[in-house]
(Lines give C-alpha, C1' and ligand atoms only; values in the text may rest on other atoms or scores of the structure.)
Protein backbone atom coordinates (compact mmCIF):
# COMPACT_ATOMS: atom_id res chain seq x y z
CA UNK A 1 0.00 0.00 0.00
CA UNK A 2 1.38 3.39 -0.98
CA UNK A 3 2.43 6.04 1.55
CA UNK A 4 -0.53 8.15 2.61
CA UNK A 5 -3.10 5.43 1.94
CA UNK A 6 -5.26 4.34 4.86
CA UNK A 7 -7.41 1.17 4.86
CA UNK A 8 -10.92 1.73 6.21
CA UNK A 9 -14.39 0.21 5.83
CA UNK A 10 -17.98 1.42 5.59
CA UNK A 11 -21.36 -0.30 5.90
CA UNK A 12 -23.49 0.03 2.76
CA UNK A 13 -26.86 -1.65 3.18
CA UNK A 14 -26.19 -5.20 4.34
CA UNK A 15 -22.54 -5.17 3.29
CA UNK A 16 -19.33 -4.07 4.94
CA UNK A 17 -17.19 -2.56 2.19
CA UNK A 18 -13.45 -2.06 2.73
CA UNK A 19 -11.84 0.89 0.99
CA UNK A 20 -8.52 2.70 0.80
CA UNK A 21 -8.49 6.43 1.60
CA UNK A 22 -5.80 8.59 0.04
CA UNK A 23 -5.64 12.22 1.14
CA UNK A 24 -3.79 14.66 -1.12
CA UNK A 25 -3.82 18.20 -2.49
CA UNK A 26 -6.81 17.46 -4.73
CA UNK A 27 -9.85 19.72 -4.48
CA UNK A 28 -12.72 17.22 -4.58
CA UNK A 29 -13.55 13.75 -3.28
CA UNK A 30 -13.30 11.06 -5.94
CA UNK A 31 -14.29 7.38 -5.99
CA UNK A 32 -12.74 4.69 -8.15
CA UNK A 33 -13.06 0.91 -8.26
CA UNK A 34 -10.65 -1.60 -9.75
CA UNK A 35 -9.38 -5.11 -9.04
CA UNK A 36 -8.05 -3.83 -5.68
CA UNK A 37 -11.51 -2.66 -4.56
CA UNK A 38 -12.90 0.76 -3.65
CA UNK A 39 -10.38 3.61 -3.56
CA UNK A 40 -11.22 7.09 -2.34
CA UNK A 41 -9.20 10.22 -3.02
CA UNK A 42 -9.96 13.24 -0.83
CA UNK A 43 -8.61 16.69 0.00
CA UNK A 44 -6.65 16.86 3.23
CA UNK A 45 -9.25 19.23 4.72
CA UNK A 46 -12.21 16.87 4.14
CA UNK A 47 -13.64 15.26 7.26
CA UNK A 48 -14.27 11.53 7.45
CA UNK A 49 -17.97 12.34 7.86
CA UNK A 50 -17.99 14.19 4.52
CA UNK A 51 -16.07 11.42 2.79
CA UNK A 52 -18.32 8.61 4.00
CA UNK A 53 -21.46 10.66 3.32
CA UNK A 54 -20.38 10.84 -0.33
CA UNK A 55 -19.66 7.10 -0.46
CA UNK A 56 -23.12 6.40 1.01
CA UNK A 57 -24.71 8.78 -1.48
CA UNK A 58 -23.21 6.72 -4.31
CA UNK A 59 -23.64 3.34 -2.59
CA UNK A 60 -25.71 1.83 -5.41
CA UNK A 61 -22.99 2.66 -7.95
CA UNK A 62 -20.23 1.43 -5.63
CA UNK A 63 -21.85 -1.96 -5.00
CA UNK A 64 -22.75 -2.42 -8.67
CA UNK A 65 -19.21 -1.71 -9.86
CA UNK A 66 -17.64 -3.88 -7.17
CA UNK A 67 -19.88 -6.78 -8.16
CA UNK A 68 -18.90 -6.29 -11.80
CA UNK A 69 -15.21 -6.42 -10.90
CA UNK A 70 -15.68 -9.54 -8.77
CA UNK A 71 -17.48 -11.32 -11.59
CA UNK A 72 -14.84 -10.25 -14.09
CA UNK A 73 -11.97 -11.34 -11.88
CA UNK A 74 -13.63 -14.56 -10.86
CA UNK A 75 -12.45 -16.92 -8.14
CA UNK A 76 -10.08 -19.83 -8.47
CA UNK A 77 -12.18 -22.96 -8.60
CA UNK A 78 -11.48 -25.77 -6.17
CA UNK A 79 -10.94 -29.14 -7.78
CA UNK A 80 -12.87 -31.83 -5.90
CA UNK A 81 -10.46 -34.75 -5.72
CA UNK A 82 -9.90 -37.43 -3.11
CA UNK A 83 -8.36 -35.90 0.00
CA UNK A 84 -9.12 -32.26 -0.87
CA UNK A 85 -9.58 -30.00 2.13
CA UNK A 86 -11.97 -27.09 2.57
CA UNK A 87 -13.07 -25.10 5.61
CA UNK A 88 -16.08 -26.17 7.64
CA UNK A 89 -16.96 -23.90 10.57
CA UNK A 90 -13.47 -22.47 10.26
CA UNK A 91 -11.67 -25.82 10.59
CA UNK A 92 -10.26 -27.98 7.76
CA UNK A 93 -12.57 -30.68 6.45
CA UNK A 94 -11.04 -33.52 4.45
CA UNK A 95 -13.27 -34.84 1.69
CA UNK A 96 -12.82 -38.42 0.52
CA UNK A 97 -14.24 -39.86 -2.67
CA UNK A 98 -15.66 -43.34 -3.16
CA UNK A 99 -17.72 -45.18 -5.74
CA UNK A 100 -21.41 -45.25 -4.91
CA UNK A 101 -24.88 -43.92 -5.56
CA UNK A 102 -24.36 -40.15 -5.28
CA UNK A 103 -24.70 -39.56 -1.58
CA UNK A 104 -22.69 -38.00 1.20
CA UNK A 105 -21.68 -39.82 4.40
CA UNK A 106 -20.58 -37.87 7.49
CA UNK A 107 -18.41 -39.86 9.87
CA UNK A 108 -18.77 -39.71 13.64
CA UNK A 109 -15.52 -37.74 13.71
CA UNK A 110 -16.96 -35.16 11.30
CA UNK A 111 -15.23 -36.33 8.13
CA UNK A 112 -17.08 -36.42 4.82
CA UNK A 113 -17.10 -39.11 2.14
CA UNK A 114 -18.78 -38.53 -1.21
CA UNK A 115 -20.05 -41.71 -2.85
CA UNK A 116 -20.20 -40.95 -6.57
CA UNK A 117 -21.46 -42.60 -9.71
CA UNK A 118 -19.10 -40.34 -11.66
CA UNK A 119 -16.31 -37.96 -10.59
CA UNK A 120 -18.18 -35.21 -12.45
CA UNK A 121 -20.95 -35.43 -9.82
CA UNK A 122 -18.62 -34.50 -6.96
CA UNK A 123 -19.39 -30.76 -6.86
CA UNK A 124 -23.14 -31.24 -6.86
CA UNK A 125 -23.07 -33.93 -4.15
CA UNK A 126 -20.70 -31.86 -2.01
CA UNK A 127 -22.83 -28.73 -2.25
CA UNK A 128 -25.97 -30.68 -1.32
CA UNK A 129 -24.24 -32.10 1.77
CA UNK A 130 -23.00 -28.70 2.91
CA UNK A 131 -26.35 -27.06 2.26
CA UNK A 132 -28.11 -29.66 4.41
CA UNK A 133 -25.63 -29.14 7.24
CA UNK A 134 -25.97 -25.37 6.88
CA UNK A 135 -29.78 -25.49 6.99
CA UNK A 136 -29.77 -27.58 10.18
CA UNK A 137 -27.17 -25.43 11.94
CA UNK A 138 -28.62 -22.07 10.85
CA UNK A 139 -32.10 -23.03 12.04
CA UNK A 140 -30.66 -24.09 15.41
CA UNK A 141 -28.91 -20.73 15.80
CA UNK A 142 -31.98 -18.77 14.67
CA UNK A 143 -34.10 -20.64 17.18
CA UNK A 144 -31.57 -20.13 19.98
CA UNK A 145 -31.35 -16.36 19.55
CA UNK A 146 -35.00 -15.76 18.66
CA UNK A 147 -36.47 -17.70 21.56
CA UNK A 148 -33.90 -16.25 23.95
CA UNK A 149 -35.04 -12.70 23.15
CA UNK A 150 -38.80 -13.06 22.75
CA UNK A 151 -38.83 -13.19 18.93
CA UNK A 152 -40.84 -15.56 16.78
CA UNK A 153 -38.56 -17.98 14.95
CA UNK A 154 -38.73 -16.80 11.32
CA UNK A 155 -38.96 -18.91 8.22
CA UNK A 156 -35.47 -19.79 6.95
CA UNK A 157 -34.36 -20.15 3.35
CA UNK A 158 -30.85 -20.54 1.98
CA UNK A 159 -29.32 -18.32 -0.66
CA UNK A 160 -26.27 -18.56 -2.88
CA UNK A 161 -25.76 -14.82 -3.32
CA UNK A 162 -22.25 -13.80 -4.27
CA UNK A 163 -22.20 -10.57 -2.30
CA UNK A 164 -24.71 -10.82 0.56
CA UNK A 165 -24.51 -12.98 3.65
CA UNK A 166 -28.14 -12.55 4.61
CA UNK A 167 -31.39 -10.65 4.19
CA UNK A 168 -34.63 -10.26 6.11
CA UNK A 169 -38.24 -9.72 5.08
CA UNK A 170 -41.22 -9.38 7.40
CA UNK A 171 -43.23 -11.36 4.83
CA UNK A 172 -40.87 -14.15 3.78
CA UNK A 173 -38.48 -14.48 6.72
CA UNK A 174 -34.71 -14.69 6.74
CA UNK A 175 -32.38 -15.77 3.95
CA UNK A 176 -28.84 -16.85 4.84
CA UNK A 177 -26.03 -17.62 2.44
CA UNK A 178 -25.28 -21.33 2.79
CA UNK A 179 -21.56 -20.65 2.26
CA UNK A 180 -21.44 -19.18 5.76
CA UNK A 181 -20.99 -22.83 6.78
CA UNK A 182 -17.32 -22.40 5.85
CA UNK A 183 -16.82 -19.73 8.55
CA UNK A 184 -16.43 -20.10 12.34
CA UNK A 185 -19.61 -20.28 14.42
CA UNK A 186 -19.24 -16.76 15.91
CA UNK A 187 -19.44 -15.29 12.41
CA UNK A 188 -22.55 -17.31 11.63
CA UNK A 189 -24.08 -16.12 14.90
CA UNK A 190 -23.31 -12.50 14.02
CA UNK A 191 -25.07 -12.77 10.64
CA UNK A 192 -28.00 -14.60 12.26
CA UNK A 193 -28.46 -11.92 14.93
CA UNK A 194 -27.96 -9.13 12.39
CA UNK A 195 -30.88 -10.43 10.35
CA UNK A 196 -33.01 -11.16 13.42
CA UNK A 197 -32.53 -7.55 14.51
CA UNK A 198 -34.24 -6.48 11.30
CA UNK A 199 -37.45 -8.06 12.57
CA UNK A 200 -37.55 -5.10 14.99
CA UNK A 201 -35.78 -2.43 12.94
CA UNK A 202 -35.88 -2.69 9.13
CA UNK A 203 -33.00 -0.23 8.71
CA UNK A 204 -29.44 0.36 9.89
CA UNK A 205 -30.19 3.16 12.33
CA UNK A 206 -28.61 3.46 15.79
CA UNK A 207 -31.73 1.72 17.14
CA UNK A 208 -31.02 -1.23 14.84
CA UNK A 209 -27.44 -1.59 16.08
CA UNK A 210 -28.72 -1.34 19.65
CA UNK A 211 -30.91 -4.38 18.97
CA UNK A 212 -27.93 -6.24 17.46
CA UNK A 213 -25.95 -5.43 20.61
CA UNK A 214 -28.72 -6.87 22.76
CA UNK A 215 -28.76 -10.08 20.73
CA UNK A 216 -25.00 -10.41 20.34
CA UNK A 217 -22.94 -8.06 22.56
CA UNK A 218 -19.63 -8.98 20.90
CA UNK A 219 -20.88 -8.18 17.40
CA UNK A 220 -18.35 -5.40 16.67
CA UNK A 221 -15.36 -7.72 17.04
CA UNK A 222 -16.96 -10.45 14.95
CA UNK A 223 -18.11 -7.99 12.28
CA UNK A 224 -14.49 -6.92 11.91
CA UNK A 225 -13.43 -10.55 11.58
CA UNK A 226 -16.02 -11.16 8.87
CA UNK A 227 -14.71 -8.12 7.03
CA UNK A 228 -11.17 -9.52 7.31
CA UNK A 229 -12.15 -12.93 6.00
CA UNK A 230 -14.15 -11.38 3.17
CA UNK A 231 -15.40 -13.71 0.46
CA UNK A 232 -12.49 -15.98 -0.51
CA UNK A 233 -14.52 -19.04 0.43
CA UNK A 234 -14.02 -22.08 -1.80
CA UNK A 235 -15.91 -22.47 -5.05
CA UNK A 236 -16.07 -25.44 -7.34
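The values are calculated or read from the model by the stated rules, or taken from the named source; none is laboratory data. Small disclaimer: the values here were computed from a predicted structure and weren't measured. Because the Cβ atoms are built from the backbone with ideal geometry, glycine has one as well, and the counts that use them run over all protein chains shown.
Would you call residue 152 under 24 Å from residue 16 (Cα atoms) and surrounded by fewer than 18 Cβ atoms within 10 Å (Cβ to Cβ)? Outline the logic, then answer.
Values: under 24 Å from residue 16 (Cα atoms): no; surrounded by fewer than 18 Cβ atoms within 10 Å (Cβ to Cβ): yes.
No: the conditions fail for residue 152.
What number goes with the only condition from (1) out of contact with any strand residue (DSSP E or B) (no Cβ under 9 Å at 6 or more places or on another chain); (2) crowded, with 16+ Cβ neighbours inside 10 Å that residue 104 does not pass?
Condition (1) is where residue 104 drops out.
Residues checked against (1) in contact with a strand residue (DSSP E or B) (Cβ under 6 Å, 6 or more places away or on another chain); (2) modelled with pLDDT of 95 or more; (3) surrounded by 13 or more Cβ atoms within 10 Å (Cβ to Cβ):
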{"residue": "90", "(1), (2), (3)": "no, no, yes"}
{"residue": "110", "(1), (2), (3)": "no, no, no"}
{"residue": "117", "(1), (2), (3)": "no, yes, no"}
{"residue": "125", "(1), (2), (3)": "yes, yes, yes"}
{"residue": "132", "(1), (2), (3)": "no, yes, yes"}
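Name the strands (runs of 3 or more DSSP E) wholly inside region 1-81 in which the number of residues that are modelled with pLDDT of 90 or more and in contact with a strand residue (DSSP E or B) (Cβ under 9 Å, 6 or more places away or on another chain) is 3 or more.
Where strands (runs of 3 or more DSSP E) fall fully within region 1-81 and carry at least 3 residues being modelled with pLDDT of 90 or more and in contact with a strand residue (DSSP E or B) (Cβ under 9 Å, 6 or more places away or on another chain), they are 15-24, 30-34, 37-43.
Please go through region 23-35 and give me each residue that is crowded, with 16+ Cβ neighbours inside 10 Å and under 27 Å from residue 204 (Cα atoms), ordered by number. Steps first, answer last, please.
Of the residues in region 23-35, the ones crowded, with 16+ Cβ neighbours inside 10 Å are 23, 29, 31, 33.
Of everything in region 23-35, those that are crowded, with 16+ Cβ neighbours inside 10 Å and under 27 Å from residue 204 (Cα atoms) turn out to be 29, 31, 33.
Please verify whether residue 223 is assigned to a helix (DSSP H, G or I) and either more than 22 Å from residue 126 (Cβ to Cβ) or not assigned by TED's automatic domain parsing to the domain that holds residue 150 (or both), treating the condition exactly as stated.
On the way: assigned to a helix (DSSP H, G or I): yes; either more than 22 Å from residue 126 (Cβ to Cβ) or not assigned by TED's automatic domain parsing to the domain that holds residue 150 (or both): yes.
Spelling it out, residue 223 is indeed assigned to a helix (DSSP H, G or I) and either more than 22 Å from residue 126 (Cβ to Cβ) or not assigned by TED's automatic domain parsing to the domain that holds residue 150 (or both).
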